[in-house]
Structure formats: C-alpha cells, structure tokens
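Written out below as structure tokens is the structure these notes cover.
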Amino acid sequence: MVKAKADGFSAGLLTPKETAAARALGAGDVEDLVRIPPRRYASPGPLRDLRHLSEGDDISVIATVERVRERAMKNRKGTLLDVRVCDDEGESIQLTFFLFKAHLVNWHMSRLREGTRVLVSGTVSRFRGENQIAHPDYLLLASDPSPEEARAVAAALEPAPVYPLRGAATQKLMRSLLSKALRHVDELRDVIPAAIRRERDLPTIAEAARMLHAPHDQTEVERALRYFRFEEAFVIQSIFARRRAQDVQDAAPQLGTYGDLSRALDGRLPFTLTSSQKDVGEQIAERIAAPHPTSLLLQGDVGSGKTVVALRAMVRAVDSGFQAVLLSPTEVLARQHYSTITSMLGDLARRGHLDAHESATRVRLLVGAQKASERRESLLDLMSGEAGIAVGTHALLTESVDFLKLGLVIIDEQHRFGVDHRRQLRSKGPGDLRPHMMVMTATPIPRSAALAFVGDLDLLTLEGRPREGADVSSFVVPLGDTAWRERMWERVLEEVHAGRQAFVVCPRIDPEDPAQAATPADPSGSEHPLHAVTPTLEMLRAKPGFDALRIEELHGRLPSDIKRERMEAFAAGDIDVLVATTVIEVGVDVPNASVMLVLDAERFGLAQLHQLRGRIGRGAHPGIAFFATQFSRQSAQHDGLVELASTTDGFALAELDLERRGGGDLVGDIQSGTSVAVRFLDVGRDARMILEAREDALVTEALSRGALTTSSLEAPSASEHDALDAAIARHSARGVDNLERS
Ligand code: ADP
Ligand code: MG
C-alpha cells in the first residue's frame, strides 16, 4: 500500500527548494504538508503602553524612535546600537542591538530613523536600573495610523508557527511552503466523518489546517491541535478496528482440548497455581478455543509466573492436535525456557524414548548458535509434527521454519512486538488457518499507551507474585560519597561470603571514547565517564577482598557459546560476581543471586531498572539492589531513583516513567516496534482523547460493515469511507517507513 509520492504536488505550486524542504520532512503532497506539526509558536507579547513594566514581561508596543546611538563595544568586537523609543503616553524605553557586521548596523540605522513609528515586540530586561529590550522584533509603520495599519499590526501579533527544519530549509521557506499549501486546503478530504466531527465539536480539515499554520490567536492553535490529535488517534484506532474485524473473519485452529497432556502436567506441577494464574489460564483457554485467531497481550510483573501460564496454553494446543512455539528475544533466555519447560514436562516431553509418557510430545530448541545436526533434527521434528512445542529466538521468524500444524505462537519479554512480525508468524499456520498469538511482557504498559499502540491486542494481566518473602530492598547510592560507595561493595562481598551471587550492571561495554563523550548527544552532560563492563571487571579483580572471587563478564558482544557458558556457569554457582550489561535484563532465573549493583543507574528507565531488580530475590534469600549514581541528592535523577527504591509495583513505575518523560523509552520502544507513527499524540496527555477516538472508530467500522445499525452516529457515506481508507493507507505507509528506518 506504499503510495508513490513523486507526483503529489500540482505542477508549479512549489519552487524546487520548497519541494526539497517538503520531501526532507517526508511530505509528498498537500495532505502531508498540512500535517507537519509546528514545533512551537512564536507569540509576541500583547500590545500595551510602557508604563508599569516588569522584568521578563513579553510586550508589544507602538512607539516612535527618539534617538539612535551607535557605539563600539569596550571589551569585545562589534557595535552596540541603542535606540530610544517613546510611546503615545510619553514613556520611553531603550532598544539594544549587539551587532558584529557593519552592514547590519547600517541596515538597522537606515530603517530606524528619528521620528519613525514602529511596532516593537520583545522581552523586557533591566540594565543599570533601566528597562530595555534587547534584540526586539520590529515592524515599520506609516507616520499616521490607518485601517491597513491596524490590520498589519493585528497580523504581526498573531502566533507564528515555528517549524522543524531539515537540510537547507529556513523558517521563511517553511512559512512560504505552508502558505502555498493552505491555498489548496479546500481540496483536502475530511478524514473524520461529519457525524463524529459534530459530536466531538471538531472543525473540518480545511479549517483545522488554516488554524494550525495561520492562526489568529492561541485559541485557534488549541482548536487545531485538538483536531489533529483526534484525527491521528482516529486513524490509528480505525486500523485496529479493521484488524479486529479481519480476525473475526479469519479461521483459527480451535485449541479447546484439556487432554491427557494437560491433565498430566497439572498433576505434576511443583507448586500450586495462584488464583491469578488459574484465572488468566482460563481466559487464555477460552480465547484459543475460539474458531478465530485471538491476539493477546499478557502482562505480569517480573516473577509473576508467566512461564507456566504459557506452558499450560502450549500443552493445550498439543492436546488439541496442534503445535505451539515460544519465542524469546535472546538466546540465553530461549535456552533457559527450553530447560525449564523440558524439566517441568519430564517424561511428557520424551516422545520416542522408552521412558516416555504414553501421550508424550517433543520439545525442540531453535537458536542461532546450534550444531547443524541438532538444528536439522529440530526442523524435521517441527515439519513432521513429532515435536509439539518449539522454543527459540525471534530470529526464528525470519527463517524458513515449517510447522506441520502451528496453532499457537507465544512471544516472551518483547517490547518491540512489530505488527509485521506478528503478521509473518500468522502466516505459518496450516492451510487457511491462522494461529493464535500471545505476547508476554513484564514491562507493564500503561493503559493509554497500550490502547494507542497495541490496541489490536486484548490485554490480560497476571497479578501478584506467587512467592512472597523473597523481597528485594533497594538503596540509592551517591557514587561521590566514598563511605557509601565502599559500604556498598562491602555488602556485595558479605553476600558472596554467605554463599550468594552478585550482578554488577554497567551502562556500556567499553569505556567511553573521550572524543564522543563531549558531544551534546550525551544528554546527561555528566562530567564523569560512564562505567563500562571491561574496566569495572578489571577494577574488581584487583580490589582487596574481591581479588579472591570468581568474577566474569557478560555482554552482547561475546560469542554466543561463551555467553551461554557464562550464564550456565553463573546459574550453577561457579561464578560469584557477574559484571554485565542489560543482557541479563530479561527473564534470567538464578535463585541464588541475591545482590545487584547498577552503576550509573540514572541512565536506565525506571521500568527497566525494576526489571533488572527482578533478577534477584528469586530464591529463598532476600535480595538487595543498589542503584549507584554520580548525580547529587538534589538532582531529578537522584529523586527518580529514590522513587524506584521505595516502590515495588512495576505498573506504578511504568506510569511514573510515562509521567516524568512524557512517554519515555517504553513508549518509544513500543512505538518503534509497531507500525504506528504518531506526530501529534502524546499518550500521557491525550489518554482520554484516545479512548474517545477508539470508541468512534469501533462504531464507525461496525456501521460501515453493517454489523451495527443503531447508534447515535450515522454510517459513514461512501466518500467518507474512501477518505478514511486513504488516510489509513497513508498512515500505514508512513509507519512502514519508520519501521524500516528504526
Ligand atoms: P516471569 O513472569 O517473570 O516470567 P517466571 O515464570 O520465570 O516469572 O516465574 C518466576 C518463578 O516463580 C519461577 O521460579 C517459577 O518456577 C516460580 N513460580 C511460578 N508460579 C509459581 C507458583 N504458583 N507458586 C510458586 N512458584 C511459582
Ligand atoms: Mg519470564
């Protein structure tokens, strides 16, 4: 559906420079152009006289030039231009320009002659006890007021959009580009059906575009923004509504059988399922028994016990005569799932062996680094149906793996559940059947974000943690404080001496390149280099007390067999301290690990730190987490970590991340993994509007399908339907672009 954008502008409308600027912003036609959000608006202060000014006031004033003085600056190169102006009440103020080029001095002086009337706008500042305006904007006026002048003054005081600039574009070019686009707004089609615009009190696209790019006042800006936010939400929600409607038409295998395998597995679980695990299990069972593909998002905090929930669903698929696959983001995690699952199933997974259970199936592993023979066996078993369950990495998606009868796909610990990836898996079902799909995540997605970005998935939530007692206490440690820092390392040592193990997490693998560290791309602006895995490992190996310990490193750049060996050695207790990057973030289960130390903790999102912390306190021993930061106690970074230390609720932390960072990494991740591109919406701010748009989109979809006949809304007309189709195609094409770029 990617529409060619080469011929989007009518001939002669734009200059070549304007066309280039439009393209650089991804705009291929007038529809795209009017949807470029201004970054902000430059709003001159209100018109007033010069009495009772305070420092910091943004003002505009009509005044007459009294005197112009040019003087060289004492300590610096350049010229200071002082212009004294006086208003109708006889009050005066100094305008000041610092200029470095002689031609600019001449230019201002030629315009600001004594007796000239000007409209001046700027911010009042104090200098040597006097009010002044440095570098004001000014507009020359005729010597006497006139109706044209009143109009020109009103226009000059309107909010002026300030656009994002790409390449060689200037604000002037952008404004000319948009003013040309505005001449054609009457040709634009309304994406939001008239009935909804009436109900939600929204303008037409033509009105909204004019108010966004040429507003008369701030109220119009607000009204335009409300339109474009709603439009974006409505288009996204219409995409979801259509996908859901499509799901209802597609056929899926019915995985409703609670058979021998399920019974046997439930009979041998090493623990009693929590009521939430049972509940969620029943809800999943009900959905996958349906004859249409279900799309679920199962969220549950770290340690809430999602694996067994997934396993029970997979076993149901096998009992129903189909296969199931569990996908993980990393090999370490895939191997761990494989070993958890095979050991939980025991002889239920030993089909073909003498000691197998009579209804046994096989579980097969598929990961990148695997012996060719092992891999071949896995592939054969999946193709023949001998293996009912496959466990692997996401890489599995892109490879040519054929299943005999794939009925259920479960994706674990993945924020970037790209819609395209999901679609690709959907196509792996037998014949016309589309497998059911469940995505599991420990990163709680705030409801508004879920609706905005993954609104085509049904949300299930696993509450609580099965094992109480294994609590984690968290502490924030200021790295600048030597006593604290040493005490923290001592605690690590104490845990190891008591027979436990430790994680030390660093934000990067190698020390910072000093040339790079100074670039503004480093938002922390911190003067201290960030901790890196390799030097931290060396530091610890040399540290008194630690020099006797077994310390190793783990990060994404190690070959995968080394990674596996390290992880296995750590799980077996053969490594005391693992210095690592966030590769250990997801899912890794080592019950004997009781302490975690995160260096430069402010570099991570709160929700991510909470995930990391979930790696400890998984056994019988209480966990201790240290969040070490170079930021001082007075900083926002430090405050955020304190919140984290005092909260154990991952959902609350995700909401907090959303609040603090207006979306944060989490939403960024979710968004970049979906084909949903947003320009106007902010899931934190616009939560309510997203809900309204969702409701309208569902009703509109049902009305146009004829599935709904009574509603306060009317069915969209054929042309309204077409306009929405076009908007959806346009949005999806943009999303695909984004996905490819990310
Ligand atoms: P997560 O949701 O983070 O993936 P896991 O599935 O890895 O959590 O489960 C965490 C730990 O809790 C595992 O060691 C698992 O065996 C254990 N567990 C799961 N369910 C229960 C239960 N009902 N009772 C006791 N322990 C459980
Ligand atoms: Mg897990």
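The values are calculated or read from the model by the stated rules, or taken from the named source; none is laboratory data. Small disclaimer: the values here were computed from a predicted structure and weren't measured. All Cβ positions, even for glycine, are placed from backbone atoms using ideal geometry, and neighbour counts span all protein chains on display. For accessibility, only protein heavy atoms count, side chains too; no ligands or nucleic acids. Shrake-Rupley method; radii C 1.70, N 1.55, O 1.52, S 1.80 Å.
Some notes on this structure:
- Residues of region 553-596 satisfying the condition of being away from ligand 1 (no atom under 16 Å from the Cβ), farther than 21 Å from residue 329 by Cα and crowded, with 19+ Cβ neighbours inside 10 Å: 575, 576, 577, 595
- As a summary of the residue check, residue 321 satisfies the conditions (1) over 19 Å from residue 401 (Cβ atoms); (2) away from ligand 2 (no atom under 16 Å from the Cβ); (3) in contact with a Pro (Cβ under 7 Å, 6 or more places away or on another chain) except for the one numbered (3).
- The single condition among (1) open to solvent by 40 Å² or more (accessible area, probe 1.4 Å); (2) under 30 Å from residue 231 (Cα atoms) that residue 38 does not meet is (1).
- Filter pass, residue 354 being crowded, with 24+ Cβ neighbours inside 10 Å and either in contact with a helix residue (DSSP H, G or I) (Cβ under 8 Å, 6 or more places away or on another chain) or modelled with pLDDT under 95 (or both): no
- Residue check for residue 381: open to solvent by less than 40 Å² (accessible area, probe 1.4 Å), more than 28 Å from residue 617 (Cβ to Cβ) and away from ligand 1 (no atom under 16 Å from the Cβ): yes
- Scanning region 697-737 for residues that are out of contact with any helix residue (DSSP H, G or I) (no Cβ under 9 Å at 6 or more places or on another chain) and not in a helix (DSSP H, G or I) returns 706, 710.
- Test: residue 151 is touching a residue at least 40 places away in the same chain (Cβ under 8 Å) and either open to solvent by 40 Å² or more (accessible area, probe 1.4 Å) or out of contact with any helix residue (DSSP H, G or I) (no Cβ under 6 Å at 6 or more places or on another chain) (or both): no
- Qualifying residue in region 312-321 (condition: away from ligand 1 (no atom under 16 Å from the Cβ) and not in a helix (DSSP H, G or I)): yes
- Subset tally (residues that are more than 10 Å from ligand 1 (Cβ to nearest atom) and open to solvent by 40 Å² or more (accessible area, probe 1.4 Å)) for region 332-341: 3
- Meets criteria (surrounded by fewer than 20 Cβ atoms within 10 Å (Cβ to Cβ), closer than 17 Å to residue 161 by Cα and of a type in the set (A, V, I, L, M, F, W, C)) for residue 177: no
- Boolean, residue 135 is open to solvent by 40 Å² or more (accessible area, probe 1.4 Å) and within 44 Å of the chain's Cα centre (by Cα): yes
- Region 418-473 - residue that is basic (Lys, Arg) and within 15 Å of ligand 2 (Cβ to nearest atom) and, of those, modelled with the highest pLDDT: 465
- Looking only at residues of region 250-273 that are open to solvent by less than 20 Å² (accessible area, probe 1.4 Å) and over 30 Å from residue 701 (Cβ atoms), we find that the one that is farthest from ligand 2 (Cβ to nearest atom) is 259.
- For beta carbons closer than 9 Å, sequence separation of 6+ or different chains, a first residue in region 329-357 that is assigned to a loop (DSSP other than H, G, I, E, B) and a second that is within 12 Å of ligand 2 (Cβ to nearest atom) and of a type in the set (Gly, Ala, Ser), the qualifying pairs are 329/587; 330/587.
- Some residue of region 237-249 being more than 16 Å from ligand 1 (Cβ to nearest atom), touching a helix residue (DSSP H, G or I) at 6+ places or on another chain (Cβ under 9 Å), at pLDDT 95 or above and open to solvent by 30 Å² or more (accessible area, probe 1.4 Å): no
- Residue 606 being touching an Asp or Glu at 6+ places or on another chain (Cβ under 8 Å) and free of Cβ contacts under 8 Å to residues at least 60 places away in the same chain: yes
- Sole exception among (1) modelled with pLDDT of 95 or more; (2) within 30 Å of residue 22 (Cβ to Cβ); (3) buried (at least 18 other Cβ atoms within 10 Å of the Cβ) for residue 222, by number: (3)
- Residues of region 283-317 satisfying the condition of being among the hydrophobic types (A, V, I, L, M, F, W, C), crowded, with 20+ Cβ neighbours inside 10 Å and away from ligand 2 (no atom under 16 Å from the Cβ): 288, 315, 317
- Only a single item in (1) within 14 Å of ligand 1 (Cβ to nearest atom); (2) at pLDDT 90 or above; (3) closer than 19 Å to residue 437 by Cα; (4) of a type outside the set (D, E, K, R) is not met by residue 328, and it is number (2).
- Count - residues of region 75-92 that are basic (Lys, Arg) and surrounded by 15 or more Cβ atoms within 10 Å (Cβ to Cβ): 1
- Residue 627 more than 27 Å from residue 501 (Cβ to Cβ) and in contact (Cβ under 8 Å) with a residue 12 or more places away in the chain: no
- Cβ-Cβ under 8 Å pairs, at least 6 apart or on other chains, region 386-404 side more than 15 Å from residue 428 (Cα to Cα) and open to solvent by 10 Å² or more (accessible area, probe 1.4 Å), far side assigned to a strand (DSSP E or B) and modelled with pLDDT of 75 or more: 386/362; 393/327; 393/328; 393/366
- Selection of first residues in region 256-279 that are over 17 Å from residue 310 (Cβ atoms) and of second residues that are more than 9 Å from ligand 1 (Cβ to nearest atom), restricted to Cβ pairs under 6 Å at least 6 apart or on distinct chains, gives the following pairs, ordered by first then second residue: 256/289; 257/319; 257/320; 259/319; 260/359; 264/348.
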